[in-house]
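Written below as structure tokens is the structure these notes are about.
The values are calculated or read from the model by the stated rules, or taken from the named source; none is laboratory data. Since we're looking at a predicted model, the values are computed, not measured. No Cβ is skipped: glycine too gets one built from the backbone with ideal geometry, and neighbour counts run over all protein chains shown. Surface areas here come from the heavy atoms of the whole protein model, side chains and all, with no ligands, DNA or RNA. Shrake-Rupley method; radii C 1.70, N 1.55, O 1.52, S 1.80 Å.
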Amino acid sequence: HKLWKPVIGRKSAAVSIMAACGGLRSATRMWLAMALLLQAGEVKSEGNELTKQELPGTFCLDGSPAAFYVRRAADPNASWLIYIPDAPQCLSPESCSAMAKTRAGSASMWPSSIPDLGGITSWNAGDNGDFARFHLALLPACDASSFASNRTEVLKGGVYLRGRQTLDAFLDNFLALQKLTETKRVLVAGSGSGGVAVLLALDHIAARLNQMGFKGDTVGAVDGAMIPSRVAGFEPRVLASYADAEALWSPAPPLYSSRSERGPPPEPGEGLLPANLLKGVRRPVFVSQGAFDCAHIRRAFPGLSNASATAAVGVALQGRAALPAAWQRAVRSAVGPAVHNPGHGLFLIAC
């Protein structure tokens, strides 16, 4: 309560945060809606829709201008929620080239408006508490690199990896016009790879907002981003993927400022591990994490299907068996920075 009251500024802060971030994780319809954004045609909606705005001079994977969606609150001085949804990441030139031909890598294929997505972005105060009164900017990452990439050259096939430029253009071209001097707080939230984007860029965003005259609080919230990697056989695969990402994306140094002050990571890829990123973030971050995330379990233990992973979790929760002790240790390690830093917060979902 004491740590997170500034996010809302009301005595109900702890309850509001728990409900909203818990809803963030459980709002399956939000992720389905984002999937529709990336796969379906024009979306029609009556009222409370989010409207698309392009960012001139920026580049998705295919070279088209990046874009975001916005919905304004009734109060012009309301706080802002910048939400970065989960999105695919490309870890090789081939995967980037393939993704550039899809809606995940081209904002030109996105609809001009999308309906209310529920969860933490919902306009309904009955579902979303105080966050329903926030201005909302939904910022999908069409660079497939969580806004970390910073390559000046164009890759073979006309592929652009300039996520950092998109992030800065969003801050310069949009938020700079919002009279932030009258705004009390900005919440930067994300799920999955969007949560990784928050961990990478939160301090950078806060610094840029301060340069614009913003004097309020800038805080983060991440959901399902803290992958429990410390499992034998799994950690090398995770580190190899992140090492490929670092080599391909050429991440912008300012996004890594807090990490670089502690020295370079001992192994390639460790600098992108969410737990390591969280250790370096100075701004408060609220972590919502599933202790038995089936997607993470399937990645850690190859060969498990959706059904078998779900069954293993169910059996463990009913007390008839337990997931490997290594998984429990991995979860504790992944969320450890949120536990040990008094400036952060944690909501560990047990089912």
Checked the stretch 284-349 with the C-alpha gyration tensor, a ≥ b ≥ c its square-rooted eigenvalues, rounded below a/c of 1.5, otherwise prolate if a/b is larger than b/c and oblate if not; verdict prolate
Summed over the other residues with a beta carbon less than 12 angstrom from that of residue 214, with K and R at +1 and D and E at -1, the charge totals +3
Accessible-area order for 191, 108, largest to smallest, probe 1.4 angstrom, reads 108, 191
Heavy-atom accessible area with a 1.4 angstrom probe orders 99, 109, most exposed first, as 109, 99
Note, the stretch 53-61: 3J(HN,Hα) by Karplus (6.51, -1.76, 1.60, θ = phi - 60°), whole Hz, Gly/Pro = x, goes 9, 7, 10, x, x, 10, 9, 6, 3
Two pseudo-spin positions, 7 Å from Cα along C-beta at residue 51 and at residue 73, lie apart in nanometres by 2.0
Once amide hydrogens are built 1.01 Å from N within the peptide plane, the residues lying 5 or more places from residue 217 or on another chain with amide H under 5 Å from its amide H are 185, 186
With the 1.4 Å probe rolled over protein heavy atoms, the stretch 140-215 has an accessible area per residue in Å² of 34
Of 175-186, 283-294, ordering from highest average Cβ density within 10 Å down gives 283-294, 175-186
So, with points 7 Å from each Cα along the Cβ direction, the residue 310-residue 154 label distance in nm works out to 4.5
One finds, for residue 101 and residue 237 with R0 = 22 angstrom and r their Cβ-Cβ distance, a FRET efficiency to the nearest 0.05 of 0.25
One finds, for residue 339 and residue 295 with R0 = 25 angstrom and r their Cβ-Cβ distance, a FRET efficiency to the nearest 0.05 of 0.65
One finds, for residue 124 and residue 177 with R0 = 25 angstrom and r their Cβ-Cβ distance, a FRET efficiency to the nearest 0.05 of 0.35
Scoring the stretch 186-235 by relative contact order with C-alpha pairs under 8 Å, at least six apart, yields a percentage of 52
Put 49, 270 in order of accessible area, largest first, probe 1.4 Å, and you get 49, 270
Carbon and sulfur atoms account, in whole percent of the 1.4 Å probe accessible area of the stretch 62-216, for 51
